[in-house]
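> This structure is in structure tokens; I'll ask about it shortly.
The values are calculated or read from the model by the stated rules, or taken from the named source; none is laboratory data. From a predicted model like this one, the values you see are computed outputs, not experimental measurements. All Cβ positions, even for glycine, are placed from backbone atoms using ideal geometry, and neighbour counts span all protein chains on display.
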């Protein structure tokens with residue numbers, strides 16, 4: 001479909017969904033998917049909002065007159081105000097909350113993105129392999145998953161931080177190390193039902209090797225489940241980071257993240273509610289956007305949804 | 001072997017004493033296929049007929065190495081002299097899809113719903129031929145046109161759910177024939193389709209066979225399909241071969257009560273509407289229990305005492321027309337029910 005049809009959609013959604021059916025031929029799967037994605041207005045709005053948040057977090061701090069660790073004794077615990085240039089207010093050390101929220105967003109978004117990528121990659125590969133291989137391989141792989149459940153992640157986190165020192169990538173690694181096991185279980189269950197489908201037999205009958213069957217035929221069919229589960233994983237990872245940080249295992253003062261700011265703001269919400277409200281708002285907005293986008297992606301890549 | 005189709009060259013497919021057994025979770029053993037042997041020569045069609053549960057599909061799946069993990073196979077299934085059953089996976093993968101291809105019963109479920117037809121077709125070609133994506137695409141389009149899919153160049157980019165059942169079976173056939181295999185195993189290719197489409201698919205298979213010289217193993221329970229397509233026919237019941245001969249022999253002179261029953265059960269054009277169809281009484285045996293005598297004996301109208309206790313061997317004999325064929329029945333041919341109508345079956 002051309003750009004013009006997408007534009008007319010804002011004016012008349014019905015007309016576009018009808019015209020989208022006129023020529024289902026000659027479209028690449030990617031364009032097919034994009035057209036369906038573009039029909040989901042909530043997802044488009046979410047993309048814009050998420051884009052703005054990302055832009056603000058990575059560019060915003062340069063444009064503001066304050067550093068994220070600049071303390072100002074003359075402006076301690078100021079409420080939000082347009083007049084005094086502290087739009088989001090300040091904390092009890094006089095640091096500007098706006099710049100701290102944006103800087104914290106960098107950490108949270110990076111942890112969320114990298115952690116989720118690792119979680120999905122490991123979880124899908126592990127679960128699909130175990131499910132498709134079946135038998136002893138499956139049993140062995142899933143017992144490892146069970147063992148992971150039994151290990152308290154906090155213990156490993158503390159161990160890693162003391163052994164290797166405190167580093168951003170270690171936080172991501174530790175979180176991913178434990179969040180992939182849920183994904184692996186979900187994916188394995190789905191793979192077990194998928195591999196009994198006839199098209200898998202048909203693929204085997206055409207001589208497709210096992211590894212390729214998993215990659216080409218199982219994984220695309222897992223998309224719906226994986227995307228939905230991913231949208232649940234993103235907030236989980238961002239919040240886990242804040243727990244680690246709260247215990248002194250994640251980012252350290254004066255560096256911050258949304259999780260840290262929220263944990264901090266929660267303890268002061270009765271006297272200085274803005275300390276909770278603004279970082280919370282950013283986190284909630286991000287999570288909503290990823291959920292809507294995830295929903296739209298699942299629909300867009302499922303060829304049966306029109 | 002039977003030698004029912006006389007051909008001086010060595011057979012393309014030789015199956016000897018093939019047996020398939022499944023172990024059930026509670027430790028039981030189910031023998032789905034017992035001691036099945038047949039041969040298939042280049043360009044010929046073998047029909048394997050029988051009711052549901054007679055072991056015909058399992059025979060095909062075993063040959064293709066597609067049995068589930070609890071299934072075990074014994075015997076020999078040679079393609080071009082090489083035993084498919086004892087082969088390493090990598091070697092088998094080079095043969096299946098390339099030299100021996102398979103069509104499944106329900107085209108709606110046998111194609112990956114998440115991939116376009118193009119992806120699925122080019123995958124087969126790229127696996128077995130060292131060609132570029134573009135060349136593979138062109139060949140896939142050409143094959144789609146050969147199976148008479150109109151507007152193939154554009155429709156090939158669509159997803160399976162955007163096709164009708166009949167069109168999808170054409171796609172399946174096109175996929176199976178992409179590498180121009182020597183042998184095509186068609187497992188009830190028309191069962192999931194409606195009658196008018198069935199006729200088109202059968203016609204298509206026949207045309208393609210004469211163009212490409214592919215040998216076909218056609219698994220079906222539709223005697224009409226067998227009559228219109230097959231050179232040889234093997235009738236299976238309870239996992240065993242009941243009768244094996246040329247289509248001509250089987251249809252004009254069936255020598256096994258089960259074959260007679262199958263042919264008798266066909267509706268005839270000259271029947272009045274109020275004549276009930278003649279079904280074979282009873283149900284097929286459950287595959288679990290051990291069978292001592294003839295598997296068909298409990299349902300056979302002509303069964304004698306020994307039928308229930310002594311299993312008839314599959315024996316070669318020469319019929320009245322001088323043709324070589326095989327049957328597994330204690331009863332002398334002359335004693336079989338006279339006046340059986342088979343002429344109208346075709």
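> Being more than 10 Å from chain A (Cβ to nearest Cβ) and surrounded by fewer than 17 Cβ atoms within 10 Å (Cβ to Cβ) is true for just one of B:86, B:55, B:75, B:71. Which residue is that? Show your work before the answer.
Numbers: B:55 fails: surrounded by fewer than 17 Cβ atoms within 10 Å (Cβ to Cβ); B:75 fails: surrounded by fewer than 17 Cβ atoms within 10 Å (Cβ to Cβ); B:71 fails: surrounded by fewer than 17 Cβ atoms within 10 Å (Cβ to Cβ).
Just a single option satisfies the conditions, and that option is B:86.
> Would you mind listing the helices (runs of 4 or more DSSP H) fully within segment A:75-182 where at least 2 residues are within 14 Å of another protein chain (Cβ to nearest Cβ)?
Values: elements: A:97-133, A:135-150, A:153-164.
Result: A:97-133, A:135-150.
> With (1) part of a loop (DSSP other than H, G, I, E, B); (2) at pLDDT below 75 as the list, and residue B:344 as the residue in question, which single condition is left unmet?
Unmet for residue B:344, out of (1) part of a loop (DSSP other than H, G, I, E, B); (2) at pLDDT below 75: (1).
> Would you mention how many residues in segment B:142-158 are more than 9 Å from chain A (Cβ to nearest Cβ), surrounded by fewer than 20 Cβ atoms within 10 Å (Cβ to Cβ) and not in a loop (DSSP other than H, G, I, E, B)?
Selection size over segment B:142-158: 3.
> Would you point out which residue out of B:134, B:130 is surrounded by fewer than 22 Cβ atoms within 10 Å (Cβ to Cβ) and part of a helix (DSSP H, G or I)?
Working: B:130 fails: part of a helix (DSSP H, G or I).
Testing whether each residue is surrounded by fewer than 22 Cβ atoms within 10 Å (Cβ to Cβ) and part of a helix (DSSP H, G or I) leaves just B:134.
> Taking residue B:60 as the residue in question, decide whether it is more than 11 Å from chain A (Cβ to nearest Cβ) and in contact with a strand residue (DSSP E or B) (Cβ under 7 Å, 6 or more places away or on another chain).
On the way: more than 11 Å from chain A (Cβ to nearest Cβ): no; in contact with a strand residue (DSSP E or B) (Cβ under 7 Å, 6 or more places away or on another chain): yes.
Judged against the criteria, residue B:60 is not a match.
> Now for a separate question. Let me confirm something: among B:98, B:106, which residue is closer than 25 Å to residue A:223 by Cα, within 14 Å of another protein chain (Cβ to nearest Cβ) and outside any helix (DSSP H, G or I)?
Numbers: B:98 fails: closer than 25 Å to residue A:223 by Cα.
One residue alone meets the criteria, B:106.
> Mind telling me which of the residues A:211, A:202 ends up being within 14 Å of residue B:109 (Cα to Cα) and either more than 10 Å from chain B (Cβ to nearest Cβ) or touching a strand residue (DSSP E or B) at 6+ places or on another chain (Cβ under 8 Å) (or both)? Walk me through it before giving the result.
Numbers: A:211 fails: within 14 Å of residue B:109 (Cα to Cα).
Answer to the selection: A:202.
> Name, by its number, the condition in (1) part of a helix (DSSP H, G or I); (2) buried (at least 16 other Cβ atoms within 10 Å of the Cβ); (3) within 14 Å of another protein chain (Cβ to nearest Cβ) that does not hold for residue B:161.
(2)
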